[in-house]
Amino acid sequence: MNKLMNAKEYEESLRKLKLKVYMFGKRVENVVDDPIIRPSMKAVAATYEYAHKPEHEDIMTATSHLTGKKINRFTHIHQSVEDLVKKSKMGRLLGSQTACCFQRCVGMDALNALSITTHAIDEKYGTEYNKRFLKYLGYVQENDLTCDGAMTDPKGNRSLSPAKQFDPDLFMHVVEERPDGIVVSGAKAHQTGAVNSHEIIVMPTITMREEDRDYAISFALPSDAEGITYIMGRQSCDTRKLEGMTFDRGNMFYGGHEALVVFDKVFVPWERVFMYKEYDFSTMLVEHFAAYHRQSYACKVGVGDVLIGAAQTIAEYNGAERASHVKDKIIEMNHLNETLFCGCIACAAEGHREPGGTYQNDLLLANVHKQNVTRFPYEIARIAQDIAGGLMVTCPSAADLASPEVGKWVEKYYRTRDDVPTEHRLRILRLIENITMGTAAVGYLTESMHGAGSPQAQRIMIARLVNMKHKQKAAKELCGIEKGDQVS
Amino acid sequence: MRDRKGRPGKLKAGIKYCGGCRPEFDRVAVVKELREALGEAIEMVRMDDEEADFILVVTGCKTACVDVESLPLKAKKYISSLSDARRVMEELANKTKT
Ligand SMILES: Cc1cc2nc3c(=O)[nH]c(=O)nc-3n(C[C@H](O)[C@H](O)[C@H](O)COP(=O)(O)OP(=O)(O)OC[C@H]3O[C@@H](n4cnc5c(N)ncnc54)[C@H](O)[C@@H]3O)c2cc1C
Ligand code: SF4
């Protein structure tokens, strides 16, 4: 029976995991209730809860091509262009509802990339990776699981290939082959939502050559498999979450997280291995995953919606909303944000069917979209900070506002209008701070820069994918260098 | 007023929303308003309820990206803007009066 978990059931399912998590140098015994991690769990929980809301289920759910049953879209293999478009819309929706990284897209992208690549490897080598993968997919769909998509290795010296690193563990690799499976060692860095995941899906991070065969591996494991350790990443302003539910958090409900995931001689049974030394398919897996994941940055449009809403609100609270330059800056924010939306919709709308039946978004347009994502959120954030004014970074704490001694001064001197409580002004400023330089800036800015590949990775793809000859031919024909079939 | 099966009584409307990625109006609030305005004369039921007289398809914008073909009932009323909502409300109010 397929189950479509709700937020509560998801939370309960996480409590059953026996994860080995470290933060601030100490083992975290209760991951789900940890005050720093919990908002990120809540953001993933929203991906479950929204699937049950009649006003959102149309984009939050899909029909499984395996069972014909209704499933959460995050476990779906895209079966049409419409599916791809709905994926972008889902990203925007959830971004606008959580204002942070809701973490579940990377696993969905890994599943889709594997569905294409396992099929292609089987076609060439007569292997049965796709059969294994589909069995695994059925398990993920049936149990409505969250999967961490683990691609990025620590990578050591960037100028050296995996096999040439001074420490072989700097890229995930096979250390032992057994009759029942393989043993792997290495790590995956920057893993989004790692400790909120039931499963971890590992993929190679770069193109592998023959000498790197031992590194050309892909597999999936339960997140609490023996030998896996999570070391939580810090976020700017993270310890504000230890101060209780004060508005200094900015976002009162949600957040994201990343972790370094260490695999210390971890056993993987054969039925969960989806690529084993077929180094010639590493590029394919990386590129398909990257294209899907670059589309997933549709979420930043949703976060942009919140930031624009916050900027308009603070302009009104400050009494500056009618100034022409403020109006124009809000228009510019919307222009940039909707331009991002154009990219993620376009790459989906121009998607195509791959041989196994999975729909892939347009690689060139996905790369163009992500390239814009490496820039526009920074400009939107800059304008939001411009409109917000300096108080965003100098305002006293919520505790000062509540203080019997100095609260009256904060209240008096930071009041702008008699119909807007000072607390409301400080709350909206804290939200802008959160998104542009606090915990959520990890997702809105630096993840926009490096997540799904740094800017240069997209530029290399753009250079490779554009049909330059076609452009040159048109130019040469129209100026008469070459003869074409123009209307004479 | 008579229902789909010719019986006197309430109109039964099944609701189908779009996913609401960038709605131009508050879809849920509009349905609530409609329900309040029509009071006892209308009942909102599940979309696949056999008793439903029609399906109210509520989409946040004119893209209306909902697969209406797969909906269980042929009879549909569409709301994809506030003016659509006003029109549908008037139409249903007239219908429930008679
Ligand atoms: C918030 C966040 C969330 C993330 N989530 C995930 C996740 O869930 N799963 C996952 O697998 N990954 C995730 N990533 C990782 C992301 O894909 C990487 O950050 C990205 O690929 C860049 O790698 P890097 O951080 O190691 O930077 P580096 O590789 O060190 O890049 C730094 C700079 O050096 C340049 N550079 C690097 N190598 C070379 C080279 N050989 N030649 C020329 N220039 C080079 C780059 O272009 C860049 O400008 C996440 C990253 C962030 C920041
Ligand atoms: S109809 Fe409009 S608001 Fe609704 S999901 Fe489609 S595009 Fe988004």
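Got at least one residue in segment A:50-62 being within 29 Å of residue A:239 (Cα to Cα) and open to solvent by less than 10 Å² (accessible area, probe 1.4 Å)?
Within segment A:50-62, not a single residue is within 29 Å of residue A:239 (Cα to Cα) and open to solvent by less than 10 Å² (accessible area, probe 1.4 Å).
Got a sec? Which helices (runs of 4 or more DSSP H) wholly within segment A:36-112 have at least 3 residues that are at the interface with chain B (Cβ under 9 Å from one of its Cβ atoms)?
Passing ranges, in order: A:57-60, A:81-98.
Any idea how many residues of segment A:141-173 are over 25 Å from residue A:198 (Cα atoms) and part of a helix (DSSP H, G or I)?
4
Sort out for me the helices (runs of 4 or more DSSP H) sitting completely within segment A:285-394 that have 2 or more residues that are open to solvent by less than 30 Å² (accessible area, probe 1.4 Å) and either within 14 Å of another protein chain (Cβ to nearest Cβ) or of a type in the set (Phe, Trp, Tyr) (or both).
A:299-318, A:324-349
Being open to solvent by 50 Å² or more (accessible area, probe 1.4 Å) and away from ligand 2 (no atom under 16 Å from the Cβ) is the filter here, so list the residues in segment B:16-46 that pass it.
Answer for segment B:16-46, where residues must be open to solvent by 50 Å² or more (accessible area, probe 1.4 Å) and away from ligand 2 (no atom under 16 Å from the Cβ): B:32, B:33, B:35, B:36, B:37, B:40, B:43, B:46.
Within 16 Å of ligand 2 (Cβ to nearest atom) and surrounded by fewer than 24 Cβ atoms within 10 Å (Cβ to Cβ): does that describe residue A:80?
Yes, satisfied.
So which of A:199, A:210, A:226 is away from every other protein chain (no Cβ under 14 Å), acidic (Asp, Glu), more than 16 Å from ligand 2 (Cβ to nearest atom) and without any contact (Cβ under 8 Å) to a residue 60 or more places away in the chain?
A:226
For residue B:13, are the conditions met, namely being away from ligand 2 (no atom under 14 Å from the Cβ), open to solvent by less than 30 Å² (accessible area, probe 1.4 Å) and modelled with pLDDT under 90?
no
Taking helices (runs of 4 or more DSSP H) that fall entirely within segment A:415-488, which contain at least 1 residues that are loosely packed, with under 12 Cβ neighbours inside 10 Å?
A:455-465, A:468-478
What residue, among those in segment B:81-96 that are at pLDDT below 90 and out of contact with any strand residue (DSSP E or B) (no Cβ under 9 Å at 6 or more places or on another chain), is most open to solvent (accessible area, probe 1.4 Å)?
Here the answer is B:94.
I need the full set of residues from segment B:23-41 which are out of contact with any helix residue (DSSP H, G or I) (no Cβ under 8 Å at 6 or more places or on another chain), within 13 Å of chain A (Cβ to nearest Cβ) and assigned to a helix (DSSP H, G or I), in order please.
The answer is B:27, B:28, B:29, B:31, B:32.
In the list A:439, A:446, A:422, A:394, which residue meets the criterion of being under 24 Å from residue A:191 (Cβ atoms) and without any contact (Cβ under 8 Å) to a residue 40 or more places away in the chain?
Going through A:439, A:446, A:422, A:394 in turn, just one is under 24 Å from residue A:191 (Cβ atoms) and without any contact (Cβ under 8 Å) to a residue 40 or more places away in the chain: A:446.
Among the numbered criteria (1) of a type outside the set (Lys, Arg); (2) out of contact with any strand residue (DSSP E or B) (no Cβ under 8 Å at 6 or more places or on another chain); (3) open to solvent by 20 Å² or more (accessible area, probe 1.4 Å), which single criterion is violated by residue A:196?
All conditions pass for residue A:196, except number (3).
The values are calculated or read from the model by the stated rules, or taken from the named source; none is laboratory data. All values derive from a computational prediction rather than experimental measurement. Neighbour counts run over all protein chains shown; Cβ positions are idealised from the backbone, glycine included. Ligands, DNA and RNA are stripped out before the accessible areas are found, and what is left, the full protein with its side chains, is counted by its heavy atoms. Shrake-Rupley method; radii C 1.70, N 1.55, O 1.52, S 1.80 Å.
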